[in-house]
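Here, each number is a calculation from the coordinates, and none is a lab measurement. What you are looking at is a predicted structure, and each value in this text was computed from that prediction instead of being measured. Neighbour counts are summed over all protein chains in view; Cβ atoms, including those assigned to glycine, are modelled from backbone coordinates with ideal geometry.
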Amino acid sequence: MPVINILLCDTFPGRLPDFIPNYESLFMDLFASIGVQADYRIFQTWQGELPSTVSPDELYLLPGSLDSAYDDKPWIVSLVHWIQQAYGSGAKLMGVCFGHQVIARALGGEVRKYDGGFGAGVRESRVIDDEMKRYFPDGQMRLLYSHHDQVISLPQEAVLCATSDFCKNESFRIGHQVVTFQGHPEFTVAYSRHLLTNCGDDLDETVRATALASLDSLRPQGQEAARFALGLLFG
């Protein structure tokens, strides 16, 4: 049974609907849906809690946050240092949205707010990495999104896995040790609809309407992304 350490970077108070007990349950449900039964360990990283030791046999998952990965809040700076040390120790790292961005920052990439607007709903990206194409044979990856920040430049050792016109660096990996996604494999359509309908009062109405329409027209491929990530990291 694999050990999956979830380093929570936010708990999203007031943003989770009644049918989602907590944010980490989205990942647990996703992995269970592809037949993975894991031993989960939860860390309140947004409060400064980090694993004191790392094992190359375990997965360290860094999920989303309302904070920005380029901020220098004490807990983010501590997380950046932890990622650097964990990577150097051979730890398997998976990043989602904020996690994708903070891993990129820690390992030498650049993150900033994207002046092209907010990404929401289902977006399709082009798969360009042969490892990823094994799980997306049609060369396209569709995920659910909710972000304004983007990875502008990748770490030197990174391989770009997927790209789109809206977001150049949709997914990257470093060997078989690190894999990240700007999108949210763990999101469900119901949760995205809740966010678009009930949160983000400052969201442009055209962006909101387009995102809501995408939920009905495109099937997100979170399960495929999860299979790719676990297949890459654990072989």
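Which of rounded, prolate, oblate describes the stretch 22-113, given a ≥ b ≥ c as roots of the alpha-carbon gyration tensor eigenvalues and a/c under 1.5 marking rounded, otherwise prolate only if a/b is larger than b/c? Don't jump to the answer; show the numbers that get you there.
Numbers: a/c = 1.73, a/b = 1.38, b/c = 1.26.
Verdict is prolate for the stretch 22-113.
Partner lysines whose Cα lies under 18 Å from the Cα of Lys168, excluding those fewer than 8 positions away in the same chain, are identified as Lys113, Lys133.
Averaged over residues, the count of other Cβ atoms within 10 Å places the peptides 38-45, 202-209, 61-68 in the sequence 61-68, 38-45, 202-209, highest first. Relative contact order, whole percent, for the chain stands at 20, derived from Cα pairs under 8 Å and 6 or more residues apart. Could you work out the helix-only [θ] at 222 nm for the chain, with each DSSP H run of four or more residues adding -39,500 (n - 2.57) and the total divided by the number of residues, to the nearest 500 deg cm²/dmol? My calculation for the chain gives -9500 deg cm²/dmol from helical runs alone.
Bridgeable aspartates and glutamates around Lys73 (alpha carbons under 18 Å apart, same-chain partners fewer than 8 residues away excluded): Asp10, Glu49, Glu110, Asp149. The orientation-averaged projection of the convex hull spanning the C-alpha atoms of the chain amounts to 11.8 square nanometres.
Ranked by the mean number of other Cβ atoms within 10 Å of their residues, highest first, the peptides 164-173, 113-122, 28-37, 149-158 come out as 164-173, 149-158, 113-122, 28-37.
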